[in-house]
Amino acid sequence: MTEHGTAAAPSRSTPSQDGPDEGDPRAVWLDLSSEEQQACLRDQGQPPFRAAQIREWIYRRYAQRFAEMTNLPRALRQELDRCFRIWPLEPLAQVVSQDRSTQKVVFRLPDGQTIETVLMLYRRRRTLCISSQVGCAMGCTFCATAQGGLARNLGVGEMVAQVLYFARYLADPQAGPGMAVERPTRVTHIVLMGMGEPMHNYRSVWAAIRLLTHPEAFGLGARHITLSTVGLVPMIDRMAEEGLQVNLAVSLHAPNDELRSQLVPINRRWPVEELLAAVRRYVDRTHRRVTFEYALMRGVNDSPALAHELAQRLQGILCHVNLIPWNPIPHSPFQPTSPQDTRRFAQVLRSHGIPTTVRLRRGIEIDAGCGQLRRRLAQQDQAAA
Ligand code: SAH
């Protein structure tokens, strides 16, 4: 990987010689269940404790190759490297914001598809925003990822490896691209708010969450993970039964069906009242506070009247509203709401007793808003061809 780039010129890395190449036929170790990993090691004539040693290397020391696992027999390391890649990701380009608080990486997957992951530094948090799909099928009219449709779901390893990549960087920040981290540290929070609809890839997303929270794997507290959904009602009910304290965020963006169906087409399938009923059931079952996300677009969904309507609909739900200044995307008819109107919208909600926060604007100059750097790289490639 090359050093950090600027907004104007994301730095590109040439694929490293030992990194996985496009068309790499090797299976992905992280996609194997622990039973499959055990079986594979047994076939190699290995004792049962090998699996735990390997897990330790992957989840505590963020090893990228078996060759790094120096307490394994050399022949085994070589054999495993021959058959498996650990991480199915190859960093393709990265940018760091001018204030060094945000880093976005575009990764290439084994089949040549690309995804984005964003690391954001806050005072006490290092939050990672990961992708769950290549593209997205939900078609939200204000979202850059929606424009290309869905290519495919991500596998478990492709999600977990996004976290391990940045964990490795934070464990040795001096080796990386110059963010404002002086000492080795950790990923403290993960949000499933990158590309894709996590509830549309439910099984793999939850398998990844299990690994990210398992004490013998990545071991992050479930409360430090947030799953954001467009509102797939049956899956909200399913999540309520998972028994893990993962946070639920629901992308609402409008208080009534007429407006929400224009912004979030899936609303025609599960309208606002059904969605809110599912959220109430979720809160009853889990006693956990839900976040409603609301991206403010000028003249579309940002009037005080809509704020009153929203507050009324949310009355009695254990929730909080996160207002997001809409991130501009090229060729879009939408405009972001002004800071004044954002404050006014927040005030109306608070006057009804709805806890409301305004999300800090992050990474705008590095194309961190949903799918934008990846798109720009693809456009540059087309122009160069
Ligand atoms: N599919 C999931 C998670 C990915 S998007 C979901 O819909 O929740 C994460 C959040 O960013 C969602 O609330 C989404 O509506 C919002 N979003 C998408 N494009 C945006 C933009 N250009 N500006 C601000 N927020 C945006």
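Yes or no, residue by residue, for (1) in contact with a strand residue (DSSP E or B) (Cβ under 8 Å, 6 or more places away or on another chain); (2) more than 14 Å from the ligand (Cβ to nearest atom):
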position: Asp237; (1), (2): no, yes
position: Asn247; (1), (2): yes, no
position: Pro265; (1), (2): no, no
position: Glu273; (1), (2): no, yes
position: Arg280; (1), (2): no, yes
position: Ala295; (1), (2): yes, no
position: Leu323; (1), (2): yes, no
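To keep it simple, each residue is scored yes or no on (1) closer than 26 Å to Asp111 by Cα; (2) open to solvent by less than 40 Å² (accessible area, probe 1.4 Å); (3) assigned by TED's automatic domain parsing to the domain that holds Trp206; (4) out of contact with any Cys (no Cβ under 9 Å at 6 or more places or on another chain).
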residue: Ser34; (1), (2), (3), (4): yes, no, no, yes
residue: Gln37; (1), (2), (3), (4): yes, yes, no, yes
residue: Cys40; (1), (2), (3), (4): yes, yes, no, no
residue: Glu56; (1), (2), (3), (4): no, no, no, yes
residue: Tyr62; (1), (2), (3), (4): yes, yes, no, yes
residue: Arg65; (1), (2), (3), (4): yes, no, no, yes
residue: Met69; (1), (2), (3), (4): no, yes, no, yes
residue: Gln78; (1), (2), (3), (4): yes, no, no, yes
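Against the conditions (1) in contact with a Gly (Cβ under 8 Å, 6 or more places away or on another chain); (2) within 11 Å of the ligand (Cβ to nearest atom); (3) under 20 Å from Leu154 (Cα atoms), where does Leu232 fall short? Just the number, please.
Against the list (1) in contact with a Gly (Cβ under 8 Å, 6 or more places away or on another chain); (2) within 11 Å of the ligand (Cβ to nearest atom); (3) under 20 Å from Leu154 (Cα atoms), Leu232 comes up short only on (1).
Please specify each residue of segment 31-46 satisfying the condition of being over 15 Å from Ile86 (Cα atoms) and in contact (Cβ under 8 Å) with a residue 24 or more places away in the chain.
Gln44, Gln46, listed by residue number.
Going through segment 208-260 one residue at a time, which ones are within 30 Å of Arg50 (Cα to Cα) and either surrounded by 17 or more Cβ atoms within 10 Å (Cβ to Cβ) or basic (Lys, Arg) (or both)?
Those that are within 30 Å of Arg50 (Cα to Cα) and either surrounded by 17 or more Cβ atoms within 10 Å (Cβ to Cβ) or basic (Lys, Arg) (or both): Ala208, Ile209, Arg210, Leu211, Leu212, Thr213, Ala217, Phe218, Leu220, His224, Ile225.
Looking at (1) surrounded by 23 or more Cβ atoms within 10 Å (Cβ to Cβ); (2) part of a loop (DSSP other than H, G, I, E, B), can you tell me which one Arg124 breaks?
Condition (1) is where Arg124 drops out.
What are the residues in segment 65-99 that are among the acidic types (Asp, Glu) and in contact (Cβ under 8 Å) with a residue 12 or more places away in the chain, if any?
Residues of segment 65-99 among the acidic types (Asp, Glu): 68, 79, 81, 90, 99.
Answer for segment 65-99, where residues must be among the acidic types (Asp, Glu) and in contact (Cβ under 8 Å) with a residue 12 or more places away in the chain: Glu79, Asp81, Glu90, Asp99.
So Arg186 fits all but one of (1) outside any helix (DSSP H, G or I); (2) open to solvent by less than 30 Å² (accessible area, probe 1.4 Å); what number is the exception?
Checking Arg186 against (1) outside any helix (DSSP H, G or I); (2) open to solvent by less than 30 Å² (accessible area, probe 1.4 Å), the one that fails is (2).
In the set Ser101, Ser97, which member is at pLDDT below 95, of a type in the set (Ser, Thr, Tyr) and out of contact with any Leu (no Cβ under 7 Å at 6 or more places or on another chain)? Let's see the steps before the verdict.
Values: Ser101 fails: out of contact with any Leu (no Cβ under 7 Å at 6 or more places or on another chain).
Result: Ser97 is the single residue among Ser101, Ser97 that is at pLDDT below 95, of a type in the set (Ser, Thr, Tyr) and out of contact with any Leu (no Cβ under 7 Å at 6 or more places or on another chain).
Applying the selection to segment 144-155, what residues are buried (at least 23 other Cβ atoms within 10 Å of the Cβ) and either outside the structural domain of Ala207 (by TED's automatic domain parsing) or at pLDDT 95 or above (or both)?
Matches in segment 144-155: Leu154 only.
Residues to consider are Leu154, Leu220; find the one that is within 16 Å of the ligand (Cβ to nearest atom) and free of Cβ contacts under 8 Å to residues at least 60 places away in the same chain.
Details: Leu220 fails: within 16 Å of the ligand (Cβ to nearest atom).
It is Leu154.
What about Met195, is it surrounded by 23 or more Cβ atoms within 10 Å (Cβ to Cβ), within 16 Å of the ligand (Cβ to nearest atom) and either in a loop (DSSP other than H, G, I, E, B) or touching a residue at least 12 places away in the same chain (Cβ under 8 Å) (or both)? I'd like the intermediate steps shown before the answer.
On the way: surrounded by 23 or more Cβ atoms within 10 Å (Cβ to Cβ): yes; within 16 Å of the ligand (Cβ to nearest atom): yes; either in a loop (DSSP other than H, G, I, E, B) or touching a residue at least 12 places away in the same chain (Cβ under 8 Å) (or both): yes.
So Met195 fits the description; yes.
Of everything in segment 282-331 that's modelled with pLDDT under 95 and not aliphatic (A, V, I, L, M), which residue is surrounded by the most Cβ atoms within 10 Å (Cβ to Cβ)?
Here is the first cut: in segment 282-331, the ones modelled with pLDDT under 95 are 324-331.
Keeping just the survivors that are not aliphatic (A, V, I, L, M) gives 325-328, 330-331.
Values: Pro325: 18, Trp326: 24, Asn327: 21, Pro328: 15, Pro330: 10, His331: 6.
It comes out as Trp326.
Taking segment 306-321 on its own, how many of its residues are of a type outside the set (A, V, I, L, M, F, W, C) and not in a helix (DSSP H, G or I)? Full working, then the answer.
Within segment 306-321, the subset of a type outside the set (A, V, I, L, M, F, W, C) is 308-309, 312-313, 315-316, 320.
Narrowing the set further to residues that are not in a helix (DSSP H, G or I) leaves 315-316, 320.
Qualifying residue count for the region: 3.
The values are calculated or read from the model by the stated rules, or taken from the named source; none is laboratory data. Every value quoted in this text rests on a predicted model; they were computed, and no experiment measured them. Note: ideal-geometry Cβ built from the backbone for every residue, glycine included; neighbour counts use all protein chains shown. These accessible areas exclude ligands, DNA and RNA; they are computed on the full protein's heavy atoms, side chains included. Shrake-Rupley method; radii C 1.70, N 1.55, O 1.52, S 1.80 Å.
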